[in-house]
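J.: Below is a structure I'd like to ask you about.
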Amino acid sequence: MNHVEHAKSRFSLLKRNPDISLSLEFFPSKTEKAAEALWEDIPKLAALNPSYISVTYGAGGSSKNWTVDTAIRIFRETMVPTAAHLTCIGTKKSEIENIARKLHENHIHHIIALRGDMPKDGVIPDSNDNDYYHYANELIEGLYKICEFDISVAAYPEKHPEAPNIDVDIDNLKKKFDAGASRAITQLFFDNNKYYDFLEKVRKAGINAPIIPGIFPISNFENTVKFAKMCNTSIPKNLYKIFENKPSCSEEHIKRAAEICAAQICDLRDNGVKHFHFYTLNRSRLVVDSCNLSGIII
Ligand code: FAD
């Protein structure tokens, strides 16, 4: 048995709808207990036969080694193409170069290139400081000078919180495609109309690349509300009615959350979406249930 066969023998592939593809996002685990849970869930999620798995990067680069090591290990253990998220704010170009080279040498050729959130302590390199990249489009240009990467970027159907308006934000998205990005993955959203309106504006702006919807199954409603506020994502009233003040770990919650997620996916599919990016939060159950209910798994 060669290495690829050995890796794939750890999970048996579920039968996926051939018209649909998906990608799965994980975060690197910081404790031993979380790591155990992650490595238990990876084969369950790899069985969904994703086009790729991505590993997030800690704010301000705080988990850079975990990201790099986790991405390399996921690829080695699953042989599923693996992408690493990489943020540039506050990290010197020379350090980005070291990380990028290590990823490339270890078969991680897909990068989700991001600026990252502004650090809370306010230490931001001066905009003229040439030792740093200041925005994602600059990072993309820099990465292409280092190695040949496939690059994805972030897009915001409800506008990035710092952007003065959606048109300025779409101009920025265009800069990222002009710099060489192949596709964008959206911030989480729960109202599909926000995605459709955004897509229309993006196409009008002359961007024809894929804008992949980021799907966020609601594993814990309270945390989702907090996170959505930080991201400028609106939460439809019906979700409050269904989930507010109800226990998030109950079977009933998981069932309802999978139904809601599946309904969102089905509507997107009916409107032409063929690839879905799942924010898994390192939990397999809800993602697998949502894929089953929505017909992604047949
Ligand atoms: P940019 O595209 O650089 O834009 C940032 C802001 O600056 C926008 O408001 C934009 O309109 C504005 N802007 C851009 N260029 C200019 C310019 N020249 N002049 C003035 N304004 C400008 N964060 C993490 O820390 N780790 C992760 O792994 C991670 N993964 C993510 C994955 C996805 C799919 C998404 C959607 C987000 C992710 N984030 C992650 C969050 C992301 O880092 C933040 O949203 C961050 O604030 C913006 O990053 P960006 O790459 O979109 O920035």
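The values are calculated or read from the model by the stated rules, or taken from the named source; none is laboratory data. Because the structure is predicted, anything quoted here is derived from the model rather than measured. Note that we place each Cβ from the backbone using ideal geometry, even for glycine, and neighbour counts take in every protein chain shown. The protein model used for the area step is the full one, side chains on, heavy atoms only, and it has no ligands, DNA or RNA in it. Shrake-Rupley method; radii C 1.70, N 1.55, O 1.52, S 1.80 Å.
J.: Would you work out what percent of the accessible area of the chain, with all protein chains in place, is carbon or sulfur (probe 1.4 Å)?
T.: Carbon and sulfur: 50 percent of the exposed surface of the chain.
J.: DSSP loop GluC sites (Glu not before Pro) in the stretch 95-189 with at most 14 other Cβ atoms within 10 Å of their Cβ, which ones? Please list the in-between numbers first.
T.: Values: sites: Glu95, Glu97, Glu105, Glu138, Glu141, Glu148, Glu158, Glu162; in loops: Glu148, Glu158, Glu162.
Those that pass, being in a loop and sparsely packed, are Glu148, Glu162.
J.: Note the full-extension length gain between Asp150 and Tyr240 as 0.36 nm times their separation in residues minus their Cα-Cα distance, in nm to one decimal.
T.: Gain in length upon complete extension: 28.5 nm.
J.: What list of whole percents do you get for P(r) of the chain, with Cα-Cα distances grouped in 10 Å bins up to the one holding the largest distance?
T.: 6, 27, 36, 25, 6, 0
J.: Hey, another quick one. Pull out a ≥ b ≥ c, the square roots of the eigenvalues of the alpha-carbon gyration tensor of the stretch 101-193, then state rounded if a/c is under 1.5, prolate if not and a/b is larger than b/c, and oblate in the remaining case.
T.: It is oblate, given that a/c is not under 1.5 and a/b is not larger than b/c.
J.: Can you order the peptides 170-179, 251-260 by their average number of other Cβ atoms within 10 Å per residue, highest first?
T.: Answer by packing, highest mean first, reads 170-179, 251-260.
J.: Name the residue farthest towards the positive end of the dipole of the chain from the options Ala47, Ala184, Leu24, assuming +1 on Cβ of Lys and Arg, -1 on Cβ of Asp and Glu, about the Cα centre.
T.: Going by the charge dipole, the pick is Ala47.
J.: Could I have the simple spin-label model distance between Lys229 and Glu252, label points 7 Å from Cα toward Cβ, reported in nm to one decimal?
T.: Those two pseudo-labels are separated by 2.6 nm.
J.: Also, quick follow-up: I need two numbers for the stretch 59-216: Rg to one decimal and Dmax as a whole number, Cα atoms only, in Å.
T.: 15.8, 44
J.: Enumerate by residue number the trypsin sites (Lys or Arg not before Pro) in the stretch 17-57 meeting two conditions: DSSP loop (anything except H, G, I, E, B), and at most 15 other Cβ atoms within 10 Å of the site's Cβ.
T.: Numbers: sites: Lys30, Lys33, Lys44; in loops: Lys30.
Passing both the DSSP loop test and the Cβ count: Lys30.
J.: Fully extended, how many nm does the chain gain between Ala205 and Asp191 (0.36 nm per residue separation, minus their Cα-Cα distance)?
T.: Taking Ala205 through Asp191 to full extension adds about 2.8 nm, to one decimal.
J.: Within a Cβ distance under 9 Å of Cys88, other residues only, what is the Lys/Arg minus Asp/Glu net charge?
T.: Its environment carries a net charge of +1.
J.: Let me ask something additional. Grab the DSSP H runs of the chain that are 4 residues or longer, score each as -39,500 (n - 2.57), total them, divide by all residues and round the 222 nm result to the nearest 500 deg cm²/dmol. Please report the intermediate quantities before stating the final value.
T.: Numbers: 11 runs with 135 residues, N = 298.
Calculated mean residue ellipticity at 222 nm is -14000 deg cm²/dmol.
J.: Between Asn292 and Asp167, what is the label-to-label distance in nm when each label sits 7 Å out along the Cα-to-Cβ direction?
T.: 4.9
J.: Cα-Cα over 23 Å: which of Lys93/Lys176; Lys30/Lys120; Lys175/Lys229; Lys15/Lys194; Lys175/Lys237; Lys93/Lys204?
T.: Numbers: Lys93/Lys176 18 Å; Lys30/Lys120 21 Å; Lys175/Lys229 26 Å; Lys15/Lys194 31 Å; Lys175/Lys237 35 Å; Lys93/Lys204 34 Å.
Going by Cα-Cα distance, Lys175/Lys229; Lys15/Lys194; Lys175/Lys237; Lys93/Lys204 fall outside the 23 Å limit.
J.: Describe numerically, in nm with one decimal, the distance between label points set 7 Å from Cα along Cα→Cβ at Trp39 and at Glu222.
T.: 3.2
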